[in-house]
Structures are given as structure tokens and as C-alpha cells.
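> Please see the structure below; I have some questions.
The values are calculated or read from the model by the stated rules, or taken from the named source; none is laboratory data. All values reported here derive from a predicted model rather than from experimental measurement. Quick reminder, even Gly has a Cβ in these numbers, built from the backbone with ideal geometry, and neighbours come from all protein chains shown. These area figures cover heavy atoms from the full protein model, side chains too; ligands, DNA and RNA do not enter into them. Shrake-Rupley method; radii C 1.70, N 1.55, O 1.52, S 1.80 Å.
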2 protein chains.
Amino acid sequence: MTYLPLKPNPQLDLVLERYVDVLPEQVWAAWTTPEHIKHWFTPAPWKTIDCEIDLRPGGAFRTVMQSPEGQEFPNVGCYLEIVENERLVWTNVLAPGYRPSNATSDAAAFMFTAVISLELHGKGTKYTALVIHGDEDSRNKHEKMGFHDGWSKALDQLVEYIKKC
Amino acid sequence: MTYLPLKPNPQLDLVLERYVDVLPEQVWAAWTTPEHIKHWFTPAPWKTIDCEIDLRPGGAFRTVMQSPEGQEFPNVGCYLEIVENERLVWTNVLAPGYRPSNATSDAAAFMFTAVISLELHGKGTKYTALVIHGDEDSRNKHEKMGFHDGWSKALDQLVEYIKKC
């Protein structure tokens, strides 16, 4: 079973593609280990203060972010596809155990599926984050929220954290 | 990686559990082959007149049902988990390629994830269909629509079809 190619639709999707000088397996570990996530996942001065990972299809991906003022924002998603060191897929459209999210219309604006793809490139990694939305409005709101800066800054933090480990 | 146990929540989920006298691999083939699906999937006098299956995580599961009056009802879902002869999971909360469904509020009433589990039992199969909803309202609407009769009659058709093949 080969895995499904996922081609971005520019009207509905957001993409961050970068080359980083750490290995795919290091990026994979940073994305799939709760203790690592806390060190890089949220662009400073925001923090990720809690994380739970059940790394299998249907499993939970939970984080709690904290604003600089101390307000907490819990997030929960469901893992869909786990191809070690290559592809990680989760969505917030489903809660853990594949249950459809019973979202408020406000949260629904940011419903998405995220696909992290890693490919060995020289001694580093071609890193692609694809974020898939259901409509243009959700995509545009996510972009205005600061998708590109936020995900890019988090990736910088990830690389810096890996190098310190 | 062991797969996630999925425990029904009686307030949110619907379950059909039956023992049938055909083998798990025969039931699996009936569920995963478009030509087979057309013969049993929709309780008569409704028909399934078209079916497309891309059997991998993120792949499409499309059917077109036809009412006795000739009206057509297309359905589309996204496969999530494929464990040959054991477990098949798909949802209509996501479109193929893991895209969040851009559903109308009417369709949203029947958003669900379906899990077909097969277990060898003597010379037959313990067959469990678990349908997971996001809220009680969706579950109750689905039940009133005739879930138990409909899915049970379709299973009878499946068994009858397998025995004729």
C-alpha cells in the first residue's frame, strides 16, 4: 500500500516548505515526543505547557498553550497517518477515537488537517507543512492569524532545540 | 504499533453486532471491491448504482444510491484505517485527501465515522459495525432514520451475495 499523494490546492490550503540542517529522524522525534513538543511548538512568548501524544491512527494529540498573560488554550486533535520519519497527519475535525468534533461555529473556522512531510536532503531535511481546509474562508482566516510567521518561527525553535539536545 | 481499541459510547454511538456464516476475508472483499458493493450495500428496493474505492488512508469511498423513484444520492467519505480482513474505518467528516467536509448544516446532522470490525468465529465471522457520532442529536437522528434495520438488511444482502459468488 503506497500512501496517498496530497497535492495542495492554493485556494484552500496553506503550505510552509523549508530546508533545515537537522535530520528527518530528529525532526520526527521533536514532533512525536511530548517533552520535546513543549520546548518548541508555540512561538515565544507563548508557551506549550502540556502535551499528550498517543501515536497511532485514531490516537490523541493534545496540547495546552499559554498566552503571555497566563490564559490557557487547550487543543485536541486525532492522528490519522503515521509513517515514521516521513509523514505525520492529524486533524482537529475528529476528536481522539475518530469521533466527529462537536465544535462551536467559532472553533469551526479553524478546522483543518495538517500533514508534516519529511525528506532527507543532503545532511538535512526538506520540511513541508501542508494545512488543508474545507473552504476559502477558513484558509484565509488561518493565514491572517499568522500561519506563515507562526509555523516558521516554531520550526526555527524546533531546529534550535534539536541542536541543543 | 497496535491499533487503537474503540469502545462505543451508548449515548453517542450506534452498534450492529452479528455472527454470520461467511469468512472474514469474504466480508472484507465484499466491503472493499466496487463491483461487490453494488450488489449488497443499499437495502432493496434502493440500489447502489456507482462506487469508487481508493483503499488507502486518505483515499476516496464514493457511492451513488438510487431511490425506487430514480432519484440519485451521492455520498463521499475518506478512508482512515485499513487493516486487511480485520478493521475498516472511514468518515464523512473528511473528504478524500483528508479535506474537512464543507457540509451544509443539513448533511452535518449525519456526520459520522464508521468502523467495521471482523473476527474469525468458528467457520464464520463476528461482524461489528460501530458508527461514531459527535453528539446525541446526530446519533438519535441516525437511529430514527432506520440504522439498525438498514445496516442489518444490507448485511443479509452481503451474506446472500457472497454465497452466490
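> Do we find a residue being touching a residue at least 24 places away in the same chain (Cβ under 8 Å), β-branched (Val, Ile, Thr), over 30 Å from residue B:95 (Cβ atoms) and crowded, with 18+ Cβ neighbours inside 10 Å anywhere in the range A:29-49?
no
> Kindly establish whether residue B:19 is open to solvent by 80 Å² or more (accessible area, probe 1.4 Å) and assigned to a strand (DSSP E or B).
Criteria met by residue B:19.
> Please find, within the range A:67-87, the residue that is farthest from the other protein chains (Cβ to nearest Cβ) out of those that are under 16 Å from residue A:43 (Cα atoms) and of a type in the set (D, E, K, R).
A:69
> Answer yes or no as to whether residue B:56 is charged (D, E, K, R), modelled with pLDDT of 95 or more, closer than 26 Å to residue B:24 by Cβ and not in a strand (DSSP E or B).
Yes: the conditions hold for residue B:56.
> Return the only residue of B:52, B:69, B:25 being within 23 Å of residue A:5 (Cα to Cα) and open to solvent by 20 Å² or more (accessible area, probe 1.4 Å).
Exactly one of B:52, B:69, B:25 is within 23 Å of residue A:5 (Cα to Cα) and open to solvent by 20 Å² or more (accessible area, probe 1.4 Å), namely B:52.
> Just give me the residues in the range A:113-156 being open to solvent by 70 Å² or more (accessible area, probe 1.4 Å) and acidic (Asp, Glu), in sequence order.
A:119, A:136, A:137, A:143, A:149, A:156
> Going by the structure shown, is residue A:159 under 17 Å from the mean Cα position of the chain (by Cα), buried (at least 18 other Cβ atoms within 10 Å of the Cβ) and part of a strand (DSSP E or B)?
no
> Here's another thing I want to ask about it. I'm told residue A:110 meets every condition in (1) open to solvent by 10 Å² or more (accessible area, probe 1.4 Å); (2) at pLDDT 95 or above; (3) over 21 Å from residue B:131 (Cβ atoms) except one. Can you identify the failing condition by its number?
With (1) open to solvent by 10 Å² or more (accessible area, probe 1.4 Å); (2) at pLDDT 95 or above; (3) over 21 Å from residue B:131 (Cβ atoms) applied to residue A:110, the lone miss is (2).
> May I ask you to list the residues in the range B:86-102 that are open to solvent by less than 50 Å² (accessible area, probe 1.4 Å) and touching a residue at least 60 places away in the same chain (Cβ under 8 Å)?
Correct list: B:87, B:88.
> Can you confirm whether residue A:81 is modelled with pLDDT of 95 or more and surrounded by 19 or more Cβ atoms within 10 Å (Cβ to Cβ)?
In short, yes.
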